[in-house]
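Everything below concerns the one structure shown next.
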There are 2 protein chains.
Amino acid sequence: MAGAGAGVTIIDIADALGISKTAVSAALHGSGRVSEATRARVLAQASAMGYVSNRAAQRLRGGRHGAIGLSVPHDVRELSFYMELAFGAADAASEAGSDLLLLADAAPGRARRPSIDGAIVVDPTPSAFPCLLERIGDAPLISVGEYVGAERERVSAWIAADHRSLIAEVLDALAEEGASAPALVALPADREPAWAHDVAEGYGAWCAEHRQRPVLMRSALDPTEAELIATMRDAAAAGCDAIVWVAQGLVLRAIAVQSARAEFGASGAPEAPHGARLLMATMAAEPGALGATGVDLRAREYGRSAVRLLFGVLDAKVAPGTHEVHEARVIRPA
Amino acid sequence: MAGAGAGVTIIDIADALGISKTAVSAALHGSGRVSEATRARVLAQASAMGYVSNRAAQRLRGGRHGAIGLSVPHDVRELSFYMELAFGAADAASEAGSDLLLLADAAPGRARRPSIDGAIVVDPTPSAFPCLLERIGDAPLISVGEYVGAERERVSAWIAADHRSLIAEVLDALAEEGASAPALVALPADREPAWAHDVAEGYGAWCAEHRQRPVLMRSALDPTEAELIATMRDAAAAGCDAIVWVAQGLVLRAIAVQSARAEFGASGAPEAPHGARLLMATMAAEPGALGATGVDLRAREYGRSAVRLLFGVLDAKVAPGTHEVHEARVIRPA
DNA sequence: GGCAAGTGCGGGAACGTTCCCGCAGCGGGT
DNA sequence: ACCCGCTGCGGGAACGTTCCCGCACTTGCC
């Protein structure tokens, strides 16, 4: 079986059955006019001979390449959200008969252009955007998260979660759990993607609506333990009784600190004014259950939707400039 | 500029210059016999007309597909190691003129075969291996980490770090820092990849050599805080003064617990027999500095090497069955 | 019974590229 | 003077597929 099917073409199948390549092509592809009987014979023969269609030949004749590109920001690749999104996109692309290829950010000048029908860029930043455009050429581009930088008209359509509503939901959930004064720990200001900006705005709006003084702090993506604890202390000192972490990965470490404190008994620890523990929430929940309120962005489905949107644009079923809202959900601690 | 170059072929260039397509092809590709003057004219004209080579046509004629596949185990995709490795591989593939495409694990029966020249599988498991083989057909396969399951002869070559030596190095480093009785927290036994098995073996060997009783514990990939703290307690109770975490991501949370304990004062905390803190180490360091000894697997370079190995096999420069050692390094806390 | 419409299939051509071969011109060795 | 080899280039053919057109045959209808 293995090795035998290498190089089998539709002509081989046609010769074996005594029919023409046109009939074989039509039978395999489903289109054209073939009798059901011939179609069945072709399918059986193809399977028996281990036929694999030659994508290069198909694309040469048909025009499309059968592949789409995915670009992920290079400074946050360790976050599982992007990985999950990538594999969701790969799934959806595979189902649509296309391949998903990873667009590594190459040197701006000397980079072969990959042959793709379109591309998806996740959380694009103005710094990386021109380089990406150069790589993909004229291919349609979908962005995950709004892009507001230069040349934004190159984005054919985009999909994003409604982070303003999500942060409000999270804050409401925290309030239900008893938190009245939540702090927000945002990303470093210089590398804040659009969605994190929306979160901060939504936080401000919620605070205004609830007549709460906003406490907006920032943290590195990978703070040291001392920095992490200092952030928690600062929040407590500012009178907060809850923290919403914007960056993925921090809430687990913060909870570890909290747990240790509860476990080992503590004094002078970061705690809410009335002596309770700080409640924790995250805007990008990790896989696995944890004891915090958080936004499950459903990264896998996010990637799938982006691919759907791209194929919609390619098939001219989606008007350029379309904006789709991705449904995320807020999960409560078990 | 954009859009103008769509559909420019070498024949267009040839017509514009009054020469033949053969000369243009030779000039662009570098091979063949063309005068330097003609070559320069062709290059200038191609650039002016915005020529982009048609990969489908090249591959159709040349035989190769110009793409390789990458398969990543689906249950550990949140770990940054795999993401970094993937992008390293994408880089290397791009430099070699190929695309890297993500192999999503599709339903075993109904999956289009991607057209690839070869594939790389990371930490293959016997459960996922047959499905992968079905997807890649007869294409050469490189594994990152040894594969010892059924049909292992399908792996053309493999690359792996020397985890036995690495764990010994880590344990030596811990000993230098003052740890005399290190515990090892391994992965769940039912999903232990080959490298984690090597780590456990190396740990056993080191303990035997240093006349130390091995304390081997296991932890889920995403334990709750209670489980994490229990693991640390158990290690301390067993008389250990250090913990080596095998899974990526746990050491950060463990350090958070330690830091909180140190910060807030503690009694009855998980501590070494002589009252000091447990020293921490990891076999898969995260990006970013942290206060623990750990193995930097150099995931990016790991991916690049795997791609190099694959192209070596494709070009018949590497003998099937070759095993290459990937150089990782042990980093000390700053 | 002739004529239109429909069905099942075959024969090219085309997609853009690379590779093999051929053909001039030209220089140098015997 | 003849032949060989080298250089610079042109003319096909081929890669495997899909699509357009055409041909034979069947069916339905006036």
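The values are calculated or read from the model by the stated rules, or taken from the named source; none is laboratory data. Since the model is a prediction, treat every value here as computed from it, not as a measurement. Cβ atoms come from the backbone with ideal geometry, glycine included; neighbour counts cover every protein chain shown.
Brief remarks follow.
- Per-region count, region B:68-85, residues in a loop (DSSP other than H, G, I, E, B), buried (at least 21 other Cβ atoms within 10 Å of the Cβ) and within 7 Å of another protein chain (Cβ to nearest Cβ): 1
- Among residues of region A:25-37 that are more than 14 Å from chain B (Cβ to nearest Cβ), those with a beta-carbon under 7 Å from a residue that is more than 10 Å from DNA strand D (Cβ to nearest atom) at least six positions away or on a different chain give the pairs A:ALA26/A:VAL34; A:ALA27/A:VAL34; A:ALA27/A:THR38; A:ALA27/A:ARG39; A:ALA27/A:VAL42; A:ALA27/A:LEU43.
- Checking each residue in region A:211-231 for being under 22 Å from B:LEU252 (Cα atoms), within 29 Å of the chain's Cα centre (by Cα) and aliphatic (A, V, I, L, M) picks out A:MET217, A:ALA220, A:LEU221, A:LEU228.
- The residue that is surrounded by the fewest Cβ atoms within 10 Å (Cβ to Cβ), among those in region B:281-330 that are hydrophobic (A, V, I, L, M, F, W, C) and modelled with pLDDT under 85, is B:ALA316.
- Hits in region A:175-228 - residues which are aromatic (Phe, Trp, Tyr) and either over 24 Å from A:GLN258 (Cβ atoms) or not in a helix (DSSP H, G or I) (or both): A:TRP195
- In region A:147-200, the residue that is nearest to A:ALA316 (Cα to Cα) out of those that are in contact (Cβ under 8 Å) with a residue 60 or more places away in the chain and of a type in the set (D, E, K, R) is A:ASP162.
- Region B:86-102: number of residues that are farther than 13 Å from B:LEU70 by Cα and surrounded by 23 or more Cβ atoms within 10 Å (Cβ to Cβ): 1
- Residue ID - farthest from DNA strand D (Cβ to nearest atom), chosen from residues in region B:44-54 that are away from chain A (no Cβ under 14 Å) and without any contact (Cβ under 8 Å) to a residue 24 or more places away in the chain: B:ALA48
- Residues in region B:1-34 that are in a loop (DSSP other than H, G, I, E, B) and either at pLDDT 85 or above or surrounded by 18 or more Cβ atoms within 10 Å (Cβ to Cβ) (or both): B:VAL8, B:THR9, B:GLY18, B:ILE19, B:SER20, B:VAL34.
- Checking each residue in region A:35-64 for being over 24 Å from B:ALA56 (Cα atoms) and not in a helix (DSSP H, G or I) picks out only A:SER35.
- Assessment of region A:211-218 against the conditions (over 23 Å from A:GLU146 (Cβ atoms) and free of Cβ contacts under 8 Å to residues at least 24 places away in the same chain) yields at least one matching residue.
- Filter pass, A:ARG41 being of a type in the set (Lys, Arg) and at the interface with chain B (Cβ under 8 Å from one of its Cβ atoms): no
- Of B:GLU153, B:GLU192, all but one fail to be surrounded by fewer than 20 Cβ atoms within 10 Å (Cβ to Cβ) and under 25 Å from B:PRO320 (Cα atoms); the exception is B:GLU153.
- Where B:ALA57 falls short, out of the listed (1) more than 9 Å from chain A (Cβ to nearest Cβ); (2) hydrophobic (A, V, I, L, M, F, W, C); (3) within 14 Å of DNA strand D (Cβ to nearest atom); (4) within 30 Å of B:ALA306 (Cα to Cα): (1)
- Here is the figure for region A:35-67: residues that are of a type in the set (Lys, Arg), more than 10 Å from DNA strand C (Cβ to nearest atom) and surrounded by fewer than 19 Cβ atoms within 10 Å (Cβ to Cβ) total 1.
- Of all residues in region B:7-19, none are under 30 Å from B:PRO140 (Cα atoms), within 12 Å of DNA strand C (Cβ to nearest atom), out of contact with any helix residue (DSSP H, G or I) (no Cβ under 7 Å at 6 or more places or on another chain) and away from chain A (no Cβ under 14 Å).
- Residues of region A:20-34 classified as over 33 Å from the mean Cα position of the chain (by Cα) and more than 9 Å from DNA strand C (Cβ to nearest atom), total: 3
- Just one of the listed residues (B:SER219, B:SER115) is within 14 Å of chain A (Cβ to nearest Cβ) and in contact with a His (Cβ under 6 Å, 6 or more places away or on another chain), namely B:SER115.
- Test for B:SER94: is it away from DNA strand C (no atom under 14 Å from the Cβ) and facing another protein chain (nearest Cβ under 8 Å): yes
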